[in-house]
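What follows is one structure encoded as C-alpha cells, with my remarks underneath.
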Amino acid sequence: MPKDFLKDVRDRYDVIVIGSGLGGMTAANVLGRAGYSVLLLEQHYKLGGLATWFKRPGGHIFDISLHGFPVGMVKSCRRYWNREIADRIVQLKNIRFDNPMFSLTTTYDREDFTRLLVQQFGIDPATVRAFFDTARGMNFYDDQQMTVGQLFQRFFPGRDDVIRLLMEPIVYANGSTLEDPAITYGIVFSNFMSKGVYIFEGGTDRLVQLMHDQLRGNGVDVRIRCDVEKILAAGGRVRGVVVNGRTIHASAVVSNANLRSTIFRMVGEQNFDPDFVNQARAVRLNTSSTQVYMALKPGEHVDESTGDLLFSSTARQFRTDLLLSRDITSRTFSFYYPRMRPHARPRYAIVSSTNARYEDWADMPDEEYEASKRDLIETTLDALEQYVPNCRDRIAHVEAATPRTFQHYTQHLAGASFGTKFEGLAVSRALPEQIGGLYHAGSVGIIMSGWLGAINYGVIVANDIDSLLLSQSSGAAPRAVEVS
Amino acid sequence: MTPAEIRGQVLDILENIAPDEDLDSLQDDVSFREQLEMDSMDFLDIVMELRKRHRIQIPEEDYGQLASMASTVEYLTPLMKDI
Ligand SMILES: Cc1cc2nc3c(=O)[nH]c(=O)nc-3n(C[C@H](O)[C@H](O)[C@H](O)COP(=O)(O)OP(=O)(O)OC[C@H]3O[C@@H](n4cnc5c(N)ncnc54)[C@H](O)[C@@H]3O)c2cc1C
C-alpha cells in the first residue's frame, strides 16, 4: 500500500498553507506561533521551495538560491523565526565584477560604491549622493511612470559602464530590466546594494532544518508529498482544499504556489470577477535560470581572493536581453568555501547562474536538450578557466539545471525563478477581496521576491489572516466587508 | 487606558522592535522614521503587537496614523479608552 502522507491529518484547520517556500513557511510559522492550528502542505519531498540544495556522493552539497541576500534578513529571521537562524547570517565581503568595461572588487555597500564611482568612474560625488538619495527615497506612492532606464539616464547619461555596475547585480537578483518601473529598482537597491550582501552560514539545508524544527515547535502540522489539486471556494469564501484526493477545511488558505497557477489551476477562473481574471491573465511571469554546479576534488582549493560572488561577462555592452540569451556571455559565479558549512567536510563548490527564457528550452527534443545541457557545461567550464586555472582537471562533479529543471521541481509556470513582474503584486493582494479568506504569499512584483521578500510577504499575509480570524471570532464583520 | 498609559504601551512595543535604539530621547512630535531606523516591516510589527496584546484592529489604510508617537497615541486613545 502506498504511504499515506496525510495520515492523522485533521478535517479542519484554522489555516492551510499551500507550499513550503520561504513565504509559505514564514506565514505558517507566524500563525502557528500566534496559536492558530495550521496545516502546511508541500508537494515536493523537501521543504524550502526554491530555497533548496542537493547532495552528491563525496560530501558535495550544492545550494541553488543561496548567492546572497540583503542585511534585512537578519532582522526578519530574528523576529519571525529565531535568534539561532539570525545569528548565522554573515556578510560576503568579496564581490567582484569582471567584464570588458571594468574589473573591480567591492564590499557592495553605499560607501564602497561611492568610492568606486568617484575614484574609478570619475563621477562627481554630488551626483552619486543625489542618485543614492533618490533611489533610497522611492516608495510606492511615487510616480510609477519612470523606468529604471530613465532613472539612470537622469543621473548618468551615456555612462553604460556605471549603469552596468549598478544594474547587473539586480538583473541577476530578480530578473528586472531597464524597462521596469524605477520604483522596483529603488526599493531593491536600497535594501540590497546599500548595505552589502549576506549569506546563511551552514547552507540552505541547515536553514530549512532549523525552520522545520521551529514550525514543529509552534505546532504547525507539516506534510510533504501533498500536492494540492484544488482550492475550494463557495459563496465568495474559501472553504478548504483538495489534496491527494482528500478534502480538508479551513477558515483561511494561503497559497505560496505561483500566483497564476493559484488562480487558474487551483481555484478556477469561474470563481472570480471577469475583470480580475483579465488582470491576472495580464500578469507577466519573471524569467527563469540556468545553473551549472561544480565541485572541486577533495584536497583541491580555490583562493579566497577569487571572490564570493563574481559577476563575469564577456559582452562588450550591457543589455538586459543579452543576459537572457541562450548564447551566454554573462554569468554569476558563486564560490562556496569550506567556511560555508563549518560542520561538514571541507568542500569547495562553484555555482554558475544565468538568467534564461523558458521558451528557449521548453520544446526542445530530448536529444537536443541533452546536447544543449552539455554545451552549457562546457562553455561554463571555459569561462571559469580564467578564474580557476585547470578547472577541468580539478573538478570532481559537474551538472546543469535549465528552466525545465526549475519548472519540474517547483511547479512554477515556465520555471519562473523570481515569481511575477511588478503587476503581480496588486493581483496577489487583491485575492482576498475576490474570495474571502484566500491569500497568496510568494514571489511577486520583484519587490516581494528573493529570500527576504518572500519571508516578509509571508509575514504581511499572516498579519492579514490574524486580523481576519480575530474579527471572525469576536463576531465582528471581517474587514473586507467593513471597508466596501 | 489614559493617553499616558497608551504611550507607555507603545514604548514597550518599540523597545522590542528596536532594541538597539535609545528611546529615552524620543521626540513625540517628530516622526519615528526620522529618529529611528524603521522600515515598513517595523510598522507592521507595531500593528501585529497591538492586536496581539490588546485585540486592536488597525486597518491598512490607517497605518499612516502611526507616523509619530503623538499621532499614534492620538489615534489609539478612542480605541483603547475602555481597555
Ligand atoms: C537559480 C535561482 C537563484 C536564486 N538566487 C537567489 C539569491 O541569491 N538570493 C535571493 O534572495 N533569492 C534568490 N532566488 C530567489 C528566491 O529563491 C525565491 O524568490 C524564493 O525562494 C521564493 O520563495 P517563495 O516563498 O515565493 O516560494 P517558492 O520557493 O517558489 O516555493 C513555492 C512552494 O510551493 C510548492 N507548491 C507549488 N504548488 C503546490 C501545490 N499545488 N501543492 C503543494 N505545494 C505546492 C512548491 O513545491 C514550492 O515548495 C533565486 C532563485 C533561483 C531560481
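Legend: mean number of C-beta atoms from other chains within 10 angstrom of residue C-beta atoms, peptide B:38-48, equals 4.
Modelled spin labels at A:Ala362 and B:His54, positioned 7 Å past Cα toward Cβ, are 5.3 nm from each other. With viscosity 0.890 mPa s and temperature 25 °C, the Kirkwood radius over alpha carbon pairs of the stretch B:3-80 converts through Stokes-Einstein to a diffusion coefficient of 197 µm²/s.
Okay, helix-only estimate at 222 nm for chain A: each DSSP H run of n ≥ 4 adds -39500 (n - 2.57), divide by all residues, round to 500 deg cm²/dmol; what do you get?
Calculated mean residue ellipticity at 222 nm is -11000 deg cm²/dmol.
On the basis of the beta-carbon distance and an R0 of 45 Å, A:Glu304 and A:Val277 show a calculated FRET efficiency of 0.30.
If R0 equals 56 Å, the separation of the Cβ atoms of B:Asn16 and A:Arg392 corresponds to a calculated FRET efficiency of about 0.55. Between chains B and A, what is the buried accessible area summed over both chains (1.4 Å probe, protein heavy atoms, nearest 100 Å²)? About 1400 Å² of accessible surface is lost on pairing. Per-residue shielding of B:54-66, expressed as the average number of other chain Cβ atoms within 10 Å of the residue Cβ, stands at 2.
Are there DSSP H segments in chain B that both extend 20 Å or more along their axis (alpha-carbon positions) and score a mean Kyte-Doolittle hydropathy of at least -1.0? List them, or say none.
Membrane-span-like by this rule: B:3-17, B:40-54.
Could you compute the FRET efficiency for A:Asp321 and A:Ala344, with r as their C-beta to C-beta distance and R0 at 41 Å, rounded to 0.05? It comes to 0.55.
Could you pull out the pairs from A:Lys3/A:Lys297; A:Lys297/A:Lys421; A:Lys230/A:Lys421; A:Lys93/A:Lys297; A:Lys75/A:Lys373; A:Lys55/A:Lys93 whose alpha carbons sit more than 32 Å apart here? Exceeds cut-off: A:Lys3/A:Lys297; A:Lys297/A:Lys421; A:Lys75/A:Lys373.
One quarter of the convex hull surface, Cα atoms only: what value does that give for chain A in nm²? List each step's numbers first, then the result.
Numbers: hull surface 95.0 nm².
With every direction weighted equally, the projected area is 23.8 nm².
Based on DSSP H segments of at least four residues, each scored -39500 (n - 2.57), chain B has a per-residue ellipticity at 222 nm of -17000 deg cm²/dmol. Express the carbon and sulfur contribution to the solvent-accessible surface of the protein assembly as shown as a percent, rounded to the nearest whole number, probe 1.4 angstrom. For the protein assembly as shown, the apolar C and S fraction of the accessible surface comes to 48 percent.
Beta-bridge orientation, chain A: approximately 70 percent antiparallel, per DSSP, counting only bridges with both partners inside. Distance between the pseudo-spin-label points of B:Ser31 and A:Asp227 (7 Å out from Cα toward the beta carbon): 4.9 nm. Helix A:110-119 and the longest principal axis of the C-alpha atoms of chain A enclose an angle of approximately 30°. Once the Cα-Cα distance is subtracted from the 0.36 nm per residue extended length, the A:Gln472 to A:Arg12 segment shows a gain of 164.0 nm.
The values are calculated or read from the model by the stated rules, or taken from the named source; none is laboratory data. Everything numeric here is computed off the predicted structure, so don't read it as measured data. Cβ sites come from the backbone with ideal geometry, for glycine too, and all protein chains shown count toward neighbours. Side chains included, ligands, DNA and RNA excluded: accessible areas come from the protein's heavy atoms. Shrake-Rupley method; radii C 1.70, N 1.55, O 1.52, S 1.80 Å.
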